[in-house]
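Working notes, structure below.
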Amino acid sequence: MISLTRPNFLRKALGLCQRRVMESTLKEITNGDSVLDIKDKCGVGGGVEDMYGEDRATEDQTITPWTFSVASGYSLLRDPHYNKGLAFTEAERDAHYLRGLLPPTVSSQELQEKKVMQNLRQYQVPLQRYMAMMDLQERNERLFYKLLIDNVEELLPVVYTPTVGEACQKYGSIFRRPQGLFISLKEKGKILEVLKNWPEKTIQVIVVTDGERILGLGDLGCQGMGIPVGKLSLYTALGGVRPSVCLPITIDVGTNNQKLLDDEFYIGLKQKRATGQEYAELLEEFMSAVKQNYGEKVLIQFEDFANHNAFELLAKYHTTHLVFNDDIQGTASVVLAGLIASLKLLGGTLADHTFLFLGAGEAGTGIAELIALEITKKTSVPLEEARKKIWLVDSKGLIVSSRVESLQHFKQPWAHEHEPLKELLDAVKAIKPTVLIGTSGVGKTFTKEVVEAMASLNPKPLIMALSNPTSQAECTAEEAYTWSKGHAIFASGSPFDPFEFEGRTFVSGQANNAYVFPGFGLGIIMSGTIRVYDDMLLAASEALAAEVTEEDYLKGRIYPPFTNIRKISANIAAAVAAKAYELGLTTRLPRPNDLVKYAESCMYTPVYRTYH
Ligand SMILES: O=C([O-])CC(=O)C(=O)O
Ligand SMILES: [Mg+2]
C-alpha cells in the first residue's frame, strides 16, 4: 500500500507508476530529484495545480520534505487509512508481509462492525464511548466510518452533541494523540509552514474554531478541537466527503476560562485571549496561508467563534474566500427547513407567523435574517417589513428601538417599536408568537410558565430549544410535551428520546446544523463553487424540508430521521450546486445533467478496498 503523504502531482504520478514503484523494492523517495524522476518517467507534468514548490511559479516557496513509501507488514497494520485488522484476506496477508502478525481468523467488515458495536454498548458512560470511537478512528478509519454511517442515530450523540461537549471540557485529561492542526500565537509568522506539516496536500474542507464559544459551554480554548474533529467526521459520514480532504484546525489565542488556565492538564496556551489587532493579524495570516496553500476552492467553515468575531470574520472574508459560518448560516438553514416543513402542521405561510427568539447571537440573528429573506422571496414584502414579524430577546430583555444605540450591530435590525420588556414571559404575552426559538446557550430558560403561555396562545405552539449540548437546552422534550399537554411541536439542537404522553408517542426533531453542512459542503466541493451566497442556504432549506414525510408529520416531527441522511445530503448537495450553477459561481464545467446522481457518485464509502 502506498501511504498517503504526497503532493497532488505525485498522486497522479502514482496512479500511472504504482505498478512500477511496487515492483521495485520498497524505496523511500524524497522530494527533489527522485520525485522529478518519477514525474519524468511517467510523463506527468507540473502546472497550475502544482502548488507545492515543484514548478517555476512556486520555486521560491519552502516545502516540507514528505516521504512516501509502500506500507506493508507491521506499519500497514498501524496505518489507520489502510488497516483492516482481521479483515485482511489470506492473499493480502501473503502479499503484504502480514503472516504471523495477525491471528489466523479472517473476519468480514460486517462481523468487525458487530463486534465493535457490542463493545461500545457495554460502556455506560458516554465519554467512554466517545473515547472508544476516537480510538477506532485512529486505528481503522474505514471501520470507524462504516460504524458511523450504519448506526448514525445511535452514534451521532457519541461523536457529536451532546458527548463531544463533555469531551471538549475534559479534552486535556483524555488527550492521547493529537488530532488536526493546532495553530497558536507561537506560530505567528509561520502559519504557511505549519499547514505544510499536515501530511495531506489536497484539502477541500477546513473546519476551524478558536474555541471561544464551544456549543453553549463557553470558552474552552484549545480544547475546542473536539468540535472541528467531530464536525469533519460528519462531513465524511453524513456528506460523503473523503476523510483525507478534511482538515480540523484550532486557533489558540489563549483562553479566558480561569478553570482551564489553572488546570495542569490543559493543552493550550496558558494566557488570556489575545484580542484586537493581535487577533486580527493572526486570523489574517491564517486566511491568506490557507488560500496560498490550498487554492481558492477550499471551503473554510468557521465554527464556535464568539459572536463578535464570528460576524466580523464572515463579513470580512465572505467576498474574498470560500467561507461558511456554521453557527450563523448552517443553523439558519436547518431551522428554516423545519419552519417550512412545519407549515404543513401549523397552516399558513411563513409570513403569517410571528417569531420570538430567546438569544440574539449568531444562531438567533442568523435564523431571523434567513426567515426574513425567505419571506421576501416568497412574497413581495420588502426585507424591512418581513423583519417586523420577528422579535428577539437577549439577556437585557426584548430588543426594542429605544435600545438601538447600545445594541451590537448584528442586533440592530431587530430593534422594533415596542415598550421595553425584561422577561421572556412578558415578551411572549405581549408579542403573542406562534413560534418560540431558543438560541441563548442557557439551559432551562423555557419555563413551565413560558411553555404554558405559548400553549394558551396557540393550538399548536412550535417550540425549538436549540442550544447545545443537552444541558444547555432551553427545555427538554418531556417538558415541552407535558407543559403544553401534548400540543407543542418540538425540536431541539441536541437529541431527545421519544416521549410518551397520554398514550401517544412523540418523536421530536433534531434541529441541528448537522442536517445541512455535510450536504452543503458536498454541493460546493463537487461543483467547484467559489463563494457562498444566501440563496444557496435557502436552496438547502427547501431541499431538507422536502424530505419530511407524512409518517414524520404523524409522529409530530418536522425533520426527517438521520437514518436517511446520506440520501438527504445528496439531495441538499444537488440543490446547492444547482443554485451555484444558476448564479454562475461554479468552476466544475460543464454542469453534470443529473446533480443528485453526480452527488451520489462523489460520495466516499467506507467499504474496505482490496489490496494487490
Ligand atoms: O455542534 C452542534 O451541535 C451545533 C452547533 O454548531 C452549536 O451548537 O454550536
Ligand atoms: Mg457550532
Helical mean residue ellipticity (222 nm; -39500 (n - 2.57) per DSSP H run of 4+; nearest 500) of the chain | -12500 deg cm²/dmol
Average Cα contact separation per residue, the range 487-589, under 8 Å, 6 or more apart, as relative contact order % = 36 percent
Compare the Cα positions of 365, 431, 348 along the charge dipole of the range 333-484 (+1 at Cβ of Lys, Arg; -1 at Cβ of Asp, Glu; about the Cα centre) and return the one farthest towards the positive end.
-> 348
Take each of the peptides 124-136, 478-490, 100-112, 348-360, average the number of other beta-carbon atoms within 10 Å over its residues, and list them starting from the highest.
-> 478-490, 348-360, 124-136, 100-112
In this model, which of 291/377; 377/411; 259/422; 460/567; 316/579 are farther than 26 Å apart at the alpha-carbon?
-> 291/377; 259/422; 460/567
Between residue 392 and residues 5 or more places away or on another chain, which pairs have amide H atoms under 5 Å apart, with H built 1.01 Å from N, and which residues are they?
-> 357, 399
Let me have the relative contact order for the chain, percent, based on Cα pairs under 8 Å that are six or more residues apart.
-> 12 percent
Solvent-accessible area per residue for the chain (1.4 angstrom probe, square angstrom) = 41 Å²
At R0 = 22 Å the Cβ-Cβ FRET efficiency linking residue 554 and residue 377, nearest 0.05, sits at 0.15
Just how many % of Cα pairs in the range 88-186 lie over 21 Å apart, if you round to the nearest whole percent?
-> 45 percent
Tell me the label-point distance for the pair residue 202, residue 588, using the 7 Å Cα-to-Cβ offset, in nm and rounded to one decimal.
-> 1.2 nm
Quick one: pull the percent of accessible area on the chain belonging to carbon and sulfur, 1.4 Å probe, ligands and nucleic acids left out.
-> 53 percent
Cα axis of helix 448-457 to longest principal axis of the chain: angle in degrees, 0 to 90, nearest 10?
-> 70 degrees
Calculate how many DSSP beta bridges within the chain are antiparallel, expressed in % of all such bridges and rounded to the nearest 5.
-> 15 percent
Which of the GluC sites (Glu not before Pro) found in the range 419-470 are loop residues per DSSP with 11 or fewer other Cβ atoms within 10 Å of their Cβ?
-> none
Please work out how much length the chain gains when fully extended from residue 270 to residue 173, using 0.36 nm per residue of separation minus the C-alpha to C-alpha distance, in nm with one decimal.
-> 33.3 nm
Once both axes come from the Cα atoms, what is the angle between helix 362-378 and the longest principal axis of the chain, in degrees from 0 to 90, rounded to 10?
-> 80 degrees
Could you state the angle between the C-alpha long axis of helix 331-346 and the longest principal axis of the C-alpha atoms of the chain, as a value from 0 to 90 degrees rounded to the nearest 10?
-> 50 degrees
Between residue 315 and residue 91, take the C-beta separation as r, use R0 = 45 Å, and let me know the FRET efficiency to the nearest 0.05.
-> 0.20
Starting from the Cα-Cα distance between residue 607 and residue 124, subtract it from 0.36 nm times their residue separation and give me the gain in nm to one decimal.
-> 171.0 nm
What is the range 354-488's relative contact order, in percent, from Cα pairs under 8 angstrom and six or more apart in sequence?
-> 24 percent
Sorted by chain and number, the residues with a modelled amide H under 5 Å from that of residue 207, at a separation of 5 or more or across chains, are 247, 249, 301
In the range 263-297, which GluC sites (Glu not before Pro) are in a loop and have at most 14 other Cβ atoms within 10 Å, using DSSP for the loop call?
-> 264, 296
Residue pairs, from the table 231/270; 115/146; 429/485, whose Cα atoms sit over 23 Å apart = 231/270
Kirkwood hydrodynamic radius of the chain, from inverse mean 1/r over distinct Cα pairs, in Å | 25.6 Å
Subtracting the Cα-Cα distance of residue 385 and residue 535 from 0.36 nm times their residue separation yields 52.1 nm
With R₀ set to 51 angstrom, the calculated FRET efficiency between the beta-carbons of residue 115 and residue 262, to the nearest 0.05, is 0.80
So how do 456, 494 rank on accessible area, 1.4 Å probe, biggest first, that is with the largest at the start?
-> 456, 494
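The values are calculated or read from the model by the stated rules, or taken from the named source; none is laboratory data. The shown structure was predicted, so the numbers you read here are calculated from the model rather than taken from an experiment. Note that each Cβ is placed from the backbone with ideal geometry, even for glycine, and that neighbours are counted across all protein chains shown. For the accessible areas, the whole protein counts, side chains as well, though only heavy atoms, and no ligand, DNA or RNA atoms are used. Shrake-Rupley method; radii C 1.70, N 1.55, O 1.52, S 1.80 Å.
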